[in-house]
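The values are calculated or read from the model by the stated rules, or taken from the named source; none is laboratory data. Bear in mind that the values here come from a model prediction, so they are computed numbers and not experimental data. Using ideal geometry, Cβ is built from the backbone for each residue, glycine included, and neighbour counts are taken over all protein chains shown. The protein model used for the area step is the full one, side chains on, heavy atoms only, and it has no ligands, DNA or RNA in it. Shrake-Rupley method; radii C 1.70, N 1.55, O 1.52, S 1.80 Å.
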Amino acid sequence: PRVCVVGSGPAGFYTAQHILKHHGRALVDIYEKLPVPFGLVRFGVAPDHPEVKNVINTFTQTAHSERCTYYGNVTVGRDVTVPELQQAYHAVVLSYGAEDNRVLGIPGENLPGVYTARAFVGWYNGLPENQDLKPDLSCETALILGHGNVALDIARILLSPLQLLRKTDITDSSLAALACSKVKRVWLVGRRGPLQVAFTIKELREMINLPGARAVLDPADFTGLESAIKDAPRPRKRLTELMIKTAMEKPVEMRAAAAGAAAPREWGLKFQRSPQEVLPSADGRRVRSIRMALTCLEGSGDSAKAIPTGDVEELECGLVLSSIGYRSLPLDPAVPFDGQRGIIPNSSGRVEGVPGLYCSGWVKRGPTGMIITTMNDSFDTAQSVLEDLQGGVLDISPSREGFGLVESILRSRGVRPVSFSDWEKIDAAEVARGKAAGKPREKIVDPEEMLRIIGH
């Protein structure tokens with residue numbers, strides 16, 4: 001059986017890995033629109049979290065299997081359509097992730113100085129489409145809308161001492177911009193309360209222990225929560241206890257400040273505030289503040305809803321980053337898509353109404369969870385493919401040409417795929433450049449330059 005996987009992030013690679021491991025004859029081709037593989041492991045994971053990127057070693061092993069082939073620089077839906085892939089393969093798995101972001105839907109969100117978390121993360125992580133972002137970091141106060149791990153990542157990058165970032169694979173140009181940054185205060189604002197934050201204790205602890213930055217949490221936000229979490233699940237309980245402990249600690253004014261040095265950087269969490277409008281400066285050229293509706297919570301736990309109370313407040317800031325979630329987009333008119341939920345309708349990864357078509361990862365279940373969540377989800381989809389192969393749902397008696405057919409389509413459209421060994425040349429060039437600068441790699445951010453390196 002010939003199986004094709006669209007997308008080379010964690011969902012794509014884990015789906016391929018599971019099929020190859022549990023079917024001794026299956027051939028799997030992975031298509032990726034960029035020349036370089038690994039999706040959000042390369043472009044989403046924070047540069048100062050190198051241990052999370054170790055999964056790349058597993059993915060590389062998968063790509064080296066003689067039954068697996070990688071084709072980069074191929075945009076499915078444009079260079080080759082999904083129906084054309086279905087002609088060439090017995091099964092097609094869509095694992096292309098979430099390439100867009102949710103919008104705030106409020107006035108002023110298009111002002112200069114307002115960025116999505118997705119674009120900002122892409123900028124410091126070397127995602128080609130975000131290289132011209134040039135965020136304005138000339139203000140003192142930044143405001144991040146959202147209480148998830150991505151929001152904490154951004155706050156940490158904005159406030160981290162440069163000597164810590166210099167040792168990471170953060171891009172050269174973003175490091176230069178952060179070196180000139182005037183941002184010294186970051187507020188993370190959420191619509192709901194401390195019991196609904198979506199970040200994990202590991203990221204929170206890392207933020208609390210960030211050198212040269214102090215946490216500013218208002219003890220009043222945590223009144224009565226100790227009794228409320230008595231029966232909460234252990235992770236939620238420990239997370240809330242850490243926030244309470246941090247809020248109650250008297251800030252130790254830094255010795256440096258006592259010695260007359262620059263004031264320390266600081267960050268804090270603000271709760272029960274929903275953005276209403278981003279307000280411009282007098283000249284209309286940048287952000288001055290954001291108007292917030294104060295909310296009260298109806299219900300409890302994860303299902304609590306934030307309802308505006310009618311009161312508003314203004315928070316001054318010169319930089320706004322909205323971290324309210326990623327969003328998947330439809331890939332091809334031939335594929336059913338639920339625009340409301342931003343997913344491909346499916347059951348256990350089988351796309352509804354289209355036999356032989358599957359999906360895994362964020363486009364299957366929405367943009368949530370860690371790499372481990374995506375791994376289990378992808379194994380679940382791969383299992384559906386294997387069951388359909390074994391149960392005869394997928395007829396493999398007609399032989400399919402696989403890449404043979406796709407190659408002639410791509411050639412007719414002037415598209416040249418990039419192989420995994422091509423990627424390894426780009427990888428070697430990045431590592432060599434990084435070594436010269438004393439960092440793990442210097443990412444190449446221009447696809448044209450990537451193609452030049454491999455002589456395309």
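Rounded if a/c is under 1.5, else prolate if a/b is larger than b/c, else oblate: which is the stretch 103-322, with a ≥ b ≥ c the root eigenvalues of its Cα gyration tensor?
Details: a/c = 1.59, a/b = 1.21, b/c = 1.31.
Because a/c hits 1.5 or more and a/b fails to exceed b/c, the stretch 103-322 counts as oblate.
Rounded to the nearest 500, what is the chain's calculated 222 nm mean residue ellipticity when only DSSP H runs of at least 4 contribute -39500 (n - 2.57) each, over all residues? Please list the in-between numbers first.
Working: 17 runs with 157 residues, N = 456.
It comes out at -10000 deg cm²/dmol, rounded to the nearest 500.
Give the separation of the Cα centroids, the stretch 1-52 to the stretch 384-456, in Å.
With the stretch 1-52 and the stretch 384-456 each reduced to a Cα centre, they are spaced 10 Å.
List the equivalent ellipsoid semi-axes of the chain in whole Å, largest first, each obtained as the square root of 5λ for an eigenvalue λ of the Cα gyration tensor. Write down the numbers at each step before the final one.
Details: eigenvalues 342, 135, 83 Å².
Equivalent-ellipsoid dimensions as semi-axes: 41, 26, 20 Å.
If you find the alpha carbon centre of the stretch 269-287 and of the stretch 56-93, how far apart are they in angstrom?
Here the answer is 43 Å between Cα centres.
Just tell me which aspartates and glutamates come within less than 16 Å, Cα to Cα, of Lys425; anything on the same chain fewer than 8 places away is out.
Partners within reach: Glu442, Asp446, Glu448, Glu449.
With contacts defined as alpha carbon pairs under 8 Å and 6 or more residues apart, what's the relative contact order of the stretch 103-322 in percent?
Working: 396 pairs, mean separation 64.0, N = 220.
Relative contact order for the stretch 103-322 comes out at 29 percent.
When only C-alpha pairs under 8 Å and at least 6 residues apart count, what is the relative contact order of the chain, in percent? Walk me through the intermediate numbers first.
Details: 888 pairs, mean separation 108.3, N = 456.
With pairs under 8 Å counted, the relative contact order is 24 percent.
Specify the angular offset, from 0 to 90 degrees and rounded to the nearest 10, of the alpha carbon long axis of helix 149-159 from the longest principal axis of the alpha carbons in the chain.
Its long axis makes an angle of about 60 degrees.
Checking the cross-link filter: which lysines have an alpha carbon closer than 28 Å to that of Lys305, excluding same-chain neighbours under 8 positions apart?
Leaving aside lysines fewer than 8 places away in the same chain, those within reach of Lys305 are Lys202, Lys230, Lys237, Lys245, Lys270, Lys364.
How far is helix 234-248 tilted off the main Cα axis of the chain, in degrees rounded to 10, range 0 to 90?
The helix 234-248 is inclined about 30 degrees to the chain.
Which lysines have a Cα lying under 17 Å from the Cα of Lys439, excluding residues fewer than 8 positions away in the same chain?
Within the straight-line cut-off, Lys439 pairs with Lys53, Lys167.
Lys and Arg at +1, Asp and Glu at -1: add these up for the other residues within a Cβ distance under 12 Å of Val393 and post the number.
Working: positive: Arg350; negative: Glu387, Asp388, Asp395.
Here the count lands on -2.
Can you give the local net charge around Gln131? Use residues other than it whose beta-carbon is closer than 13 angstrom to its beta-carbon, Lys and Arg +1, Asp and Glu -1. Please report the intermediate quantities before stating the final value.
On the way: positive: Lys134, Lys443; negative: Glu129, Asp132, Asp172, Asp446, Glu448, Glu449.
Counting the neighbours of Gln131, the net charge comes to -4.
Ranked highest first by the average count of other Cβ atoms within 10 Å around their residues, in what order do 295-308, 416-429 fall?
Working: 295-308: 13.6, 416-429: 17.6.
Packing proxy ranking, top to bottom: 416-429, 295-308.
Could you compute the net charge surrounding Ala11? Neighbours are other residues with a C-beta less than 9 Å from the C-beta of Ala11; K and R count +1, D and E count -1.
Numbers: positive: Lys364; negative: Asp377.
That sum, taken over residues with Cβ under 9 Å, equals 0.
What angle, in degrees between 0 and 90 and rounded to the nearest 10, separates the Cα long axis of helix 371-390 from the longest principal axis of the Cα atoms of the chain?
20
At a 1.4 Å probe radius, carbon and sulfur cover how many percent of the accessible area of the stretch 103-322? Kindly include the intermediate steps, with their values, before the conclusion.
Details: 5430 of 10430 Å².
Roughly 52 percent of what the probe reaches on the stretch 103-322 is carbon or sulfur.
Using the heavy atoms of the protein chains and a 1.4 angstrom probe, tell me the accessible area per residue for the stretch 326-416 in square angstrom. List each step's numbers first, then the result.
Values: 4610 Å² over 91 residues.
Solvent-accessible surface per residue comes out at 51 Å².
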